Amino acid sequence: MLLLFKLPESPKFLLERGRMIECRSALQRISRINKTVANLESADSCINTSEPKERSRKPLSLLFKDGIAQIVALFLPAWRIRSIVLSVTTFCLFVDSLLSAASSLPGNILTILLMDRCGRRAIMVASMVISGGAVFLIPVINSKISGVILSCFFGGVSVLSFNALDCLSTELFPTSLRSTALGFTCGIGRIGAILGNMAFGLMVDINCAIPIVTVSSLLVIGGIVTLKLPEPTGKDID
């Protein structure tokens, strides 16, 4: 957000609003940032010949109507084939991501049903170990469908461990320390995410199997280490 105050305003926007001096200043600033020479003579001709536009406010219903009219225009005979083909292509590209994201819904539902029955620790151990096993199966993927299925399975199972972690990180500490414990564990998680992204790229360059084995091993180890934690389910946490 702070960088927004450092970005120059669009010269086209300033030109349309009749703010000619600011438009010229924005062009000069942009040229300095890009280390180029701005063609201010042609810019001055545009500034001198342009007329400022009045900024009109349209009612919300008219904005929706204009937007729908633009979408309808995409399917006129001249653009119909292009619009249909691009729509189908885009849908096919993103449907896998949609399925992967939606796969966490069953896991969240299972969390609600099983958290108090099975216990936080048991759910976290089972989820992390099974997730580690799922990662270990990546090398056997030989088709797009199997890849999507494994991704959905991993997303549905791994979300259980995240939900259990949120419970454990607060319920295992007294009230005076719960918020600190949650913030600290979240911070450790973010550090792990940063280091993971950095290390993943380095390990892939060495051998594709290394990051797969590493992630799988870390998940299994994390699940086993969780067995050392006490089970807070059904106990007074005050």
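The values are calculated or read from the model by the stated rules, or taken from the named source; none is laboratory data. The shown structure was predicted, so the numbers you read here are calculated from the model rather than taken from an experiment. Ideal geometry is used to build each Cβ from the backbone, glycine not excepted, and the neighbour counts take in all protein chains shown. For accessibility, only protein heavy atoms count, side chains too; no ligands or nucleic acids. Shrake-Rupley method; radii C 1.70, N 1.55, O 1.52, S 1.80 Å.
Could you give each residue of the range 105-114 its phi-based ³J(HN,Hα) in whole Hz, using Karplus coefficients 6.51, -1.76, 1.60 with θ = phi - 60°, and x for Gly or Pro?
4, x, x, 5, 5, 4, 4, 4, 7, 10
Rounded to the nearest 0.05, what FRET efficiency is calculated for Lys65 and Glu16 with R0 set to 30 Å and r the Cβ-Cβ distance?
0.85
Quick one: 3J(HN,Hα) in Hz for the range 198-204, Karplus 6.51/-1.76/1.60 with θ = phi - 60°, rounded, Gly and Pro as x.
6, 6, 4, x, 5, 6, 4
What does the extension gain come out to for Val225 and Ala193, with contour length at 0.36 nm per residue minus their alpha carbon separation?
Fully extending the segment from Val225 to Ala193 adds 9.6 nm.
Amide H to amide H under 5 Å from Arg17: which residues, 5+ apart in sequence or cross-chain, H placed 1.01 Å off N in plane?
Counting only residues 5 or more places away or on other chains, the set is Lys53.
In whole Hz, what ³J(HN,Hα) sequence does the range 22-33 give by Karplus (6.51, -1.76, 1.60; θ = phi - 60°), x for Gly and Pro?
5, 5, 5, 5, 5, 4, 5, 5, 5, 5, 5, 5
When the Cα centres of the range 209-238 and the range 108-123 are compared, how far apart do they sit, in Å?
Here the two parts' Cα centres lie 15 Å apart.
Quote the FRET efficiency, to the nearest 0.05, computed for Leu86 versus Lys144 with a Förster distance R0 of 30 Å and r equal to the Cβ-Cβ distance.
Efficiency for this residue pair is about 0.90.
Can you compute the modelled spin-label distance between Leu76 and Leu137, with each label point 7 Å from Cα toward Cβ, in nm?
Each label point lies 7 Å from its Cα, and together they span 5.1 nm.
Measure off, as a whole percent, the carbon and sulfur share of the 1.4 Å-probe accessible area of the range 98-164, all protein chains present.
77
Whole number please: convex hull volume per residue of the Cα set in the range 68-144, in Å³? Spell out each step's value before the answer.
Details: hull volume 9.7 nm³, N = 77.
With only Cα atoms used, the range 68-144 gives 125 Å³ per residue.
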